[in-house]
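Colleague: Okay, here's the structure, questions in a sec.
The values are calculated or read from the model by the stated rules, or taken from the named source; none is laboratory data. This one's a predicted model, so the numbers in the text were calculated from it and none came from an experiment. Because the Cβ atoms are built from the backbone with ideal geometry, glycine has one as well, and the counts that use them run over all protein chains shown. Only protein heavy atoms, including side chains, enter the accessible area calculation; ligands, DNA and RNA are left aside. Shrake-Rupley method; radii C 1.70, N 1.55, O 1.52, S 1.80 Å.
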Amino acid sequence: TNRDGFVERPEAEALVHSEFNQYDTDRDNKVSEAEIRRIVQAALLREEQAREHQRREQDAQKRKGLMAINEFIDMQLRSADQLDKNNDGKISQAEYAALAGPADGPQAQGLPPFELRRKIAMIKFGEIDTNKDGVLDRVELTAFAVSQFLHMDINKDRFLTEDEFKKAAEAEQQKVRALIQTMM
């Protein structure tokens, strides 16, 4: 403790007294078997908590850049919330039609005709609207997100990688291109 490079008797005794005082929890100047047992149990619990913390840290490190199903659902619901212009918690066909993009103007340059894009959006709407009531509610949106996640999770590890996202986007683009070909 005095930083002279040696452990002298008073320094060692102070350490032993400090340790002894930690074990002598009832302050009777004796350490009983029960007191030692409590100290050992507490130490084992601290070690277990440290191991659990380390395991969680390692899992978090492994998951870096991966998306779990709950995160995917949250992302999809946030996107749906942006379409919900009247904030009623549901997406109407008119609100969903916004995904077709602009009808005309410079933003529509290079896009397929608006009516074709609108029909494609309504086909997708119909896939999601499982109860066919003309609106998408949170249950339908969540079920569709789960279905998408399971389809996208190619390696079935319950996480989506950037590569799985890219492959899903490519597959969706191919599906839309094929649909456009058949509609034209």
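Colleague: Do we find that residue 142 is assigned to a helix (DSSP H, G or I), among the hydroxyl-bearing types (Ser, Thr, Tyr) and out of contact with any His (no Cβ under 9 Å at 6 or more places or on another chain) in this structure?
Modeller: yes
Colleague: Determine if region 99-119 includes at least one residue that is closer than 30 Å to residue 19 by Cβ, of a type in the set (A, V, I, L, M, F, W, C) and open to solvent by less than 80 Å² (accessible area, probe 1.4 Å).
Modeller: No, because not a single residue in region 99-119 is closer than 30 Å to residue 19 by Cβ, of a type in the set (A, V, I, L, M, F, W, C) and open to solvent by less than 80 Å² (accessible area, probe 1.4 Å).
Colleague: With the structure loaded, tell me whether residue 27 is at positive phi and without any contact (Cβ under 8 Å) to a residue 40 or more places away in the chain or whether it fails that test.
Modeller: yes
Colleague: Take residue 131 and decide whether it is exposed (fewer than 14 other Cβ atoms within 10 Å of the Cβ), of a type in the set (S, T, N, Q), at pLDDT 95 or above and outside any helix (DSSP H, G or I).
Modeller: Taking the combined requirement at face value, the residue satisfies it.
Colleague: Taking the conditions exactly as written (surrounded by 14 or more Cβ atoms within 10 Å (Cβ to Cβ) and of a type in the set (D, E, K, R)), does residue 84 satisfy them or not?
Modeller: Yes: the conditions hold for residue 84.
Colleague: Looking only at region 157-175, which residues are touching a helix residue (DSSP H, G or I) at 6+ places or on another chain (Cβ under 8 Å) and either assigned to a helix (DSSP H, G or I) or closer than 25 Å to residue 84 by Cα (or both)?
Modeller: If the condition is that a residue be touching a helix residue (DSSP H, G or I) at 6+ places or on another chain (Cβ under 8 Å) and either assigned to a helix (DSSP H, G or I) or closer than 25 Å to residue 84 by Cα (or both), then 164, 165, 167, 168 are the ones that fit.
Colleague: Being over 35 Å from the mean Cα position of the chain (by Cα) and closer than 22 Å to residue 84 by Cα is the filter here, so list the residues in region 94-112 that pass it.
Modeller: The answer is 103, and nothing else.
Colleague: Please work out which residue is farthest from the chain's Cα centre (by Cα), limiting yourself to region 2-55 and to residues that are surrounded by 10 or more Cβ atoms within 10 Å (Cβ to Cβ) and in a loop (DSSP other than H, G, I, E, B).
Modeller: Per the stated criteria, the residue is 8.
Colleague: Another question, if that's okay. Hey, among the residues in region 157-184 that are hydrophobic (A, V, I, L, M, F, W, C) and open to solvent by 60 Å² or more (accessible area, probe 1.4 Å), which one's nearest to residue 71 (Cα to Cα)?
Modeller: Looking at the filtered set, the residue picked out is 165.
Colleague: Can you tell me which condition residue 154 does not meet? The list is (1) in a helix (DSSP H, G or I); (2) within 21 Å of residue 69 (Cβ to Cβ), and all the others hold.
Modeller: All conditions are met except number (1).
Colleague: Follow-up. Only residues that are of a type in the set (D, E, K, R), within 23 Å of residue 122 (Cα to Cα) and free of Cβ contacts under 8 Å to residues at least 40 places away in the same chain: list them for region 135-184, please.
Modeller: Selection gives 140, 170, 172, 175, 177.
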